[in-house]
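J.: Dumping the structure here so I can ask a few things about it.
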Amino acid sequence: MRVIRAAVAVGVLALLGLLVWDVVHGRGSGVAQKVDQGKVVPAPKLDLPRLDGKGKLSLASLRGKVVVVNFWQSDCVPCKQEARTLDAVAKAWSSKDVVFLGVDALDFKGPARAYLKHYGVSYVNVRDASGNTYPGWGVTGTPETFFIDRKGDVVPPHIVSVASRQKLDEGIRRALSS
């Protein structure tokens, strides 16, 4: 029994070491890291089921509009703090071809729908139950917000943690002028 425990412990430590090495060396192809360096990069593919149960939504279908992509989870306290602000800003910019897209990741459908109802979120939300979108985007937690210009490129800034109205407005203006 001790041999098995030791083998498991060595395996866990090896995986942890590999994760730390990868983070330290920044090998990830994530968009977040590049955008944080001031780069403009193509948005990763995003094609996920809608939380309202009406088919799938593809980010490519929104080309020609500025898209604000917000990654969130129903049990995330900072997500709850920014939810109403995101919805208010989404409504304020909707007449200017700006679309907000929420990505609920690593969450259950029931709590996610309850969250949207409780916070009055009216913009489109999709569900990534397995978190498969995280690596390509470079998402390390929630909430995280990205801005995509009309050409489909992610432009700075990338907001980590609670997004203020001022930061959202600045990001949208940058994407509109890109």
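Coordinate-derived values only; no laboratory data. Bear in mind the structure is a predicted one, so any value in this text is a computation, not a measurement. Counting neighbours? That spans all protein chains shown, and the Cβs are built from the backbone with ideal geometry, glycine included.
J.: What size of dipole, in debye to the nearest 20, comes out for region 28-177 about its Cα centre when the only charges are +1 on Lys and Arg C-beta atoms and -1 on Asp and Glu C-beta atoms? Please report the intermediate quantities before stating the final value.
T.: Working: 22 positive and 15 negative charges, 84 e Å.
Dipole size: approximately 400 debye.
J.: My understanding is that a pair violates if its Cα-Cα distance is over 18 Å; which of 65/96; 56/80; 45/65; 45/167; 45/80 do that in this structure? Let's see the in-between values first.
T.: Working: 65/96 9 Å; 56/80 25 Å; 45/65 16 Å; 45/167 25 Å; 45/80 26 Å.
Flagged as over cut-off: 56/80; 45/167; 45/80.
J.: Could you tell me the extents of region 28-177's C-alpha atoms along the three principal axes, largest first, rounded to whole Å?
T.: Sorted largest first, the three principal extents are 37, 33, 28 Å.
J.: Quote the Stokes-Einstein diffusion coefficient, in whole µm² s⁻¹, for region 123-178, based on the Kirkwood radius over alpha carbon pairs, a temperature of 10 °C and a viscosity of 1.306 mPa s.
T.: Values: Rh = 12.4 Å.
In µm²/s, the coefficient rounds to 129.
J.: A follow-up question, please. For region 79-126, give the magnitude of the charge dipole about the Cα centre (Cβ charges: +1 Lys/Arg, -1 Asp/Glu; no others), in debye to the nearest 20.
T.: Numbers: 7 positive and 5 negative charges, 34 e Å.
That gives region 79-126 a dipole magnitude of about 160 debye.
J.: Checking the cross-link filter: which lysines have an alpha carbon closer than 17 Å to that of residue 54, excluding same-chain neighbours under 8 positions apart?
T.: Cα-Cα hits under 17 Å: 109, 117.
J.: Another one. Amide H neighbours of residue 128 under 5 Å, at least 5 residues apart or on other chains, H built in the peptide plane: list them.
T.: Distant-sequence amide H within range of residue 128: 104, 105, 106.
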